[in-house]
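The values are calculated or read from the model by the stated rules, or taken from the named source; none is laboratory data. All figures in this text were calculated on a predicted structure; none of them were measured in a lab. Glycine also receives a Cβ, built like all others from the backbone with ideal geometry; neighbour counts cover every protein chain displayed.
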Amino acid sequence: MTIWIAGSPEQVIEAAKTGLVSAVVTNPTVIASWTQHGESLESVAQSVVQATRLPLYVQLHGPTRQQFLRETEHLKRVSDLIIPKIPATLDGLAAARDLEASGTETLITTVCSLTQAYVCAVAGVTSICPYFSRLRDSGENAAQFIADVSAMYRREGIKTRIRPASVRSVQDVEDCLLNGADGVIIFYDLFRKLIPHPVTDTSLTAFEADWQRTTVDPDYPTKPENA
């Protein structure tokens, strides 16, 4: 199980410091925000990789097979930790098959149907990125879609991983995981919401009261080092 993070460079670097996230993921909106002050995609991607030491999934522009391949080659010269994120189109999947055959992992995004997920598996892609909330917004049963893809992959012994994006709430995360996802791609704000729970807060308040009544040696490290 993995957590992949999206957000501003500052946010993804902060998330990486926790050791709980396994990769950084972009989309065109994220890339546009990263470069809004004149930085190039290459320079900001390199700085994020250097700061996080995590794989960075960069969504490519394409739209042709050869353009996807050229973009991947260009970005790999920036850092080998950059991994292509490619839309689920015929050219995109053809490029992904070429890349996977040469040893380069790929993430296929905008996966919205069982047949797309099937062709992704035929192409041998490492991971797919279904759009969870966007599917639900369109009237689809997004949780059932994840379950159906997961069941198909298990039945056929397919190694392609399911990592949904467009995940907007803690309940969405739970729905993805309960229905067979291998992890989730989430923005930093949602990442911060995964842990807190009212019962946890109440329990910690009670524990703190007990700590205040506990006798320890003077050198017991109960205070921050800079206190």
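Details
- Counting residues in the range 55-72 that are modelled with pLDDT of 95 or more, among the β-branched types (Val, Ile, Thr) and under 29 Å from ASN179 (Cβ atoms) gives one or more.
- The one condition from (1) assigned to a helix (DSSP H, G or I); (2) under 22 Å from LEU99 (Cα atoms); (3) in contact with a Cys (Cβ under 7 Å, 6 or more places away or on another chain) that ILE146 does not meet is (2).
- Subset of the range 154-189 that is surrounded by 19 or more Cβ atoms within 10 Å (Cβ to Cβ) and assigned to a helix (DSSP H, G or I) - its residue that is farthest from the chain's Cα centre (by Cα): ASP175
- Some residue of the range 27-50 being within 14 Å of the chain's Cα centre (by Cα), within 23 Å of TYR131 (Cα to Cα), touching a residue at least 60 places away in the same chain (Cβ under 8 Å) and assigned to a helix (DSSP H, G or I): no
- Of all residues making up the range 8-26, the number that are in contact with a strand residue (DSSP E or B) (Cβ under 9 Å, 6 or more places away or on another chain), outside any helix (DSSP H, G or I) and either surrounded by fewer than 22 Cβ atoms within 10 Å (Cβ to Cβ) or β-branched (Val, Ile, Thr) (or both): 6
- Among the residues of the range 103-133, those identified as touching a Ser or Thr at 6+ places or on another chain (Cβ under 7 Å) and either in a helix (DSSP H, G or I) or more than 12 Å from ILE185 (Cβ to Cβ) (or both) are THR104, GLU105, THR106, CYS120, ALA121, VAL125, THR126, PHE132, SER133.
- All positions within the range 75-91 that are in contact with an Asp or Glu (Cβ under 8 Å, 6 or more places away or on another chain) and either modelled with pLDDT under 95 or not in a strand (DSSP E or B) (or both): LEU75, VAL78
- Within the range 167-180, the residues that satisfy the criterion of being in contact (Cβ under 8 Å) with a residue 12 or more places away in the chain and either closer than 15 Å to SER113 by Cα or acidic (Asp, Glu) (or both) are ASP172, ASP175.
- In this structure, ILE128 does not qualify as in contact with a Gly (Cβ under 7 Å, 6 or more places away or on another chain) and within 28 Å of ASP91 (Cα to Cα).
- Criterion: within 24 Å of LEU93 (Cα to Cα) and of a type in the set (Phe, Trp, Tyr) - qualifying residue of TYR153, TYR188: TYR153
- Selection from the range 150-163 of residues that are of a type outside the set (Gly, Ala, Ser) and over 15 Å from THR126 (Cβ atoms): MET152, ARG154, ARG155, GLU156
- Here the range 190-201 is the region considered, the condition is being of a type in the set (Val, Ile, Thr) and part of a helix (DSSP H, G or I), and the residue that is surrounded by the most Cβ atoms within 10 Å (Cβ to Cβ) is THR200.
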